[in-house]
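Undergrad: Take a look at this one; I'll ask things after.
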Amino acid sequence: MSDLAPNSQGTVSAPRPRSEPRPRPTSAPASRRRNQSQAARTARRAATISARRLIASPSALVTVGAFYLMVSSVLAGLWSTAAEAQGGSIVGYSSAALVWYIVTSEGAINAVPLRLIETIGTDIGSGTIETEMLRPQSVVGLRIAGEIGSAVLRLGVCVVVGTGFALIVAGPPPVLGAALLALPALLLAVIANIVAHHAFAAGAFWLRDAKSAWFLYQKLVFVLGGMLLPLEVLPRPVELVAKALPFAAVSYAPARLASGHLEPEWLLVQIGWLAVLGVVATLLFRAGERRLIRGGS
Amino acid sequence: MTEAIVADGLSRTFVTGPRRRRTTHDAVRKVSFTVERGERLAFIGPNGAGKSTSIKMLTGILHPTDGSALVLGLEPWTRRRQLAQQIGVLFGQRSQLWTELAPRASFRLLGSIFGLSDERVTARVGELGQVLEASELFDQPVRTLSLGQRMRCELTAAMLHEPELLFLDEPTIGLDLLGKEVFRTLLVRLNADLGTTVFLTSHDVADIEHVAERAIVVNHGSIIYDAPVTAMRRDLLAVKRVEVHFALDPLDGGASGSALDALGTSISSGVGVKATVSESGALQLDVDTLLRPIGEVIDTVLRAAPAPVADLSVVDPPLEQVIGEIYRRPAPESA
């Protein structure tokens, strides 16, 4: 066919020359650097867009804050009462420390949509993910970046609400330095939680559904992640196993710091698990995408 | 290389069911065709004919079980990300836009994903806004747009990174008549003004006539017709259906119905018209426009109408009828 084609007015026009030529092939390291910087810029933008979407629906933020306050106040009340019944403390946590523990562990978990695994699984099973595979960047990378953007906003709400609640109910944090360390730990916990969600949800590439993965993950985080209770409450062998698992990085680590334990090594543990979970999620998505391409949806 | 797409014996078989009771389904069977750069091709067929499966293979998100394909010189399923940079894809039932935000915000992220600078995205959005007459829509939240307006924004998103080849999978589905007409015009304009190759799947016969220069018809996974639309119009789309509803009096004891039958018989006595009266009392005239001008038939109906005309429409034959016609006729010369 000729390059000249009639336009909608019936006249003839040549295809318009491209004003920004496609980048020419460059050396491998330069190309890799350019790709990395491009990916970082895209990730930042995906996070910003996601946060803006949440701001555009402020009722969602109000719901997060209200639900978080309700759950935290019930659990904090239960643990405070239990501590007072035990003579003022349980496994080394005072009544006030338990309040700070619960508002932090709940905040870390509530900052991430509770059914995120199920949502990702549905996107995989329904073929929505295929649309994203038609883009020249990592599917899982963009998804994680987007989720981090809105989760940081939700985390901000939880930190403000939780700190206010804990100050009123339990007074200032037991150790201020440890509480300050809990802030970066919370951020790491939320990011690790999002990455773990994607790793678990990737099962849907094989199972076509992630409901069971969501159920399992949620229960593991509730108990072995220390969301509902300090891990020291568990029998000693279970406690040791729980502390060695990644679930502790998504809830227990920041809560342990906020409850007055100056143990900065938990930040390193979180960074380590974040790296491991990131590699696992990336590999699982890569394998899942390959399976989708070979097998079809 | 002048070909945008070269498909050679492309096949895809799906295996389903538990191991002992596995069944196979040939979604696409040995499909071979080429698409020239700058061409507008309609790839049409009924539901389940293999259109979407073919698009998935050609865009690299599905591996064929047999055959080969090159899209813009790349094997799609092994060079998916590289190919993604050069093609645009629009699925009629899937959105690329975030509903809570204005399309412009989505464009900025999509531009970044495809490696465009912010300045380039701004310029490109301005340019596409003009071509697609959509600039005023870009700052309204997507959820407030009508489907037709949203599809124009989706088209902008798909064209943002200046793809050489645009795949559209059932893009007019769900649009009303006016929306379809506007969308078809815009596709032709995109092709003419920007030189974009258009690969369109649809099960709407009108999409072929208004958008494509060439049509490939698929049925049960195989190509059954491949010809320029001018030839197709002559061979298969010459027959149009004129449907006339009259404001008949239901209490006249059947006199109006008899008059309608008489009118149908009278019109069908000429060449190129077959008349029937539907159960709802409408007069249906299948007019072969190569033998008899459609205006003349309508004039005759209006002159001899037994009652005032309540409604009149001229429609293309449904796709099933076109496919039936293809099977009845000798195979046309391929393009």
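The values are calculated or read from the model by the stated rules, or taken from the named source; none is laboratory data. Bear in mind that the values here come from a model prediction, so they are computed numbers and not experimental data. Ideal geometry is used to build each Cβ from the backbone, glycine not excepted, and the neighbour counts take in all protein chains shown. Ligands, DNA and RNA are stripped out before the accessible areas are found, and what is left, the full protein with its side chains, is counted by its heavy atoms. Shrake-Rupley method; radii C 1.70, N 1.55, O 1.52, S 1.80 Å.
Undergrad: Quick check on A:Ile148: is it more than 14 Å from A:Gly107 (Cα to Cα), at pLDDT 95 or above and touching a Ser or Thr at 6+ places or on another chain (Cβ under 8 Å)?
TA: When the stated conditions are applied, A:Ile148 passes them.
Undergrad: Oh, and also: Would you be able to say whether some residue in the stretch A:260-277 is among the small types (Gly, Ala, Ser) and under 30 Å from B:Arg80 (Cα atoms)?
TA: yes
Undergrad: Of the residues B:Glu181, B:Glu243, B:Glu279, only one is open to solvent by 60 Å² or more (accessible area, probe 1.4 Å) and outside any loop (DSSP other than H, G, I, E, B); which?
TA: Going through B:Glu181, B:Glu243, B:Glu279 in turn, the sole match is B:Glu181.
Undergrad: Continuing with this model, one more query. Could you check B:Ser135 against (1) over 21 Å from B:Gln93 (Cα atoms); (2) in contact (Cβ under 8 Å) with a residue 24 or more places away in the chain and say which number it fails?
TA: (2)
Undergrad: Next question, about the same structure. For B:Ala42, which of the numbered conditions (1) open to solvent by less than 20 Å² (accessible area, probe 1.4 Å); (2) in contact with an Asp or Glu (Cβ under 7 Å, 6 or more places away or on another chain); (3) within 25 Å of A:Gly146 (Cα to Cα) fails to hold?
TA: Among (1) open to solvent by less than 20 Å² (accessible area, probe 1.4 Å); (2) in contact with an Asp or Glu (Cβ under 7 Å, 6 or more places away or on another chain); (3) within 25 Å of A:Gly146 (Cα to Cα), the lone unmet condition for B:Ala42 is (3).
Undergrad: While we're looking at this one, here's another question. Among the residues in the stretch A:160-167, are any within 20 Å of the chain's Cα centre (by Cα), surrounded by fewer than 20 Cβ atoms within 10 Å (Cβ to Cβ) and farther than 19 Å from A:Arg41 by Cα?
TA: yes
Undergrad: Follow-up question, since we're still on this one. Return yes when B:Ala307 is of a type outside the set (Val, Ile, Thr), over 21 Å from B:Ile323 (Cα atoms) and either part of a strand (DSSP E or B) or out of contact with any Pro (no Cβ under 8 Å at 6 or more places or on another chain) (or both) and no when it is not.
TA: When the stated conditions are applied, B:Ala307 passes them.
Undergrad: Now for a separate question. Of the numbered conditions (1) open to solvent by 60 Å² or more (accessible area, probe 1.4 Å); (2) within 26 Å of the chain's Cα centre (by Cα), B:Arg81 fails exactly one; give the number of that condition.
TA: Of everything listed in (1) open to solvent by 60 Å² or more (accessible area, probe 1.4 Å); (2) within 26 Å of the chain's Cα centre (by Cα), B:Arg81 misses just condition (2).
Undergrad: Does B:Asp288 satisfy the criteria of being closer than 24 Å to B:Met232 by Cα and at pLDDT 85 or above?
TA: Yes: the conditions hold for B:Asp288.
Undergrad: Any residue at all in the stretch B:225-235 that's crowded, with 20+ Cβ neighbours inside 10 Å, within 12 Å of chain A (Cβ to nearest Cβ) and either in contact with a strand residue (DSSP E or B) (Cβ under 8 Å, 6 or more places away or on another chain) or within 25 Å of B:Thr99 (Cβ to Cβ) (or both)?
TA: No, because not a single residue in the stretch B:225-235 is crowded, with 20+ Cβ neighbours inside 10 Å, within 12 Å of chain A (Cβ to nearest Cβ) and either in contact with a strand residue (DSSP E or B) (Cβ under 8 Å, 6 or more places away or on another chain) or within 25 Å of B:Thr99 (Cβ to Cβ) (or both).
Undergrad: I'd like the full set of residues that are outside any helix (DSSP H, G or I) and either surrounded by 22 or more Cβ atoms within 10 Å (Cβ to Cβ) or touching a His at 6+ places or on another chain (Cβ under 9 Å) (or both), limited to the stretch B:53-68.
TA: Those that are outside any helix (DSSP H, G or I) and either surrounded by 22 or more Cβ atoms within 10 Å (Cβ to Cβ) or touching a His at 6+ places or on another chain (Cβ under 9 Å) (or both): B:Gly60, B:Ile61, B:Leu62, B:Pro64.
Undergrad: For residues that are at the interface with chain A (Cβ under 10 Å from one of its Cβ atoms) and surrounded by 15 or more Cβ atoms within 10 Å (Cβ to Cβ), scanning just the stretch B:117-140, find the one that is farthest from the chain's Cα centre (by Cα).
TA: B:Arg120
Undergrad: Can you tell me which residues in the stretch B:69-78 are open to solvent by 50 Å² or more (accessible area, probe 1.4 Å) and free of Cβ contacts under 8 Å to residues at least 40 places away in the same chain?
TA: B:Glu75, B:Thr78
Undergrad: Being farther than 20 Å from A:Arg286 by Cα, buried (at least 16 other Cβ atoms within 10 Å of the Cβ) and not aromatic (Phe, Trp, Tyr) is the filter here; which residues of the stretch A:192-222 pass it?
TA: Passing the criteria: A:Gln218, A:Leu220, A:Val221.
Undergrad: Among what's in the stretch B:85-116 and is small (Gly, Ala, Ser) and more than 7 Å from every other protein chain (Cβ to nearest Cβ), pick the residue that is most open to solvent (accessible area, probe 1.4 Å).
TA: B:Ser95
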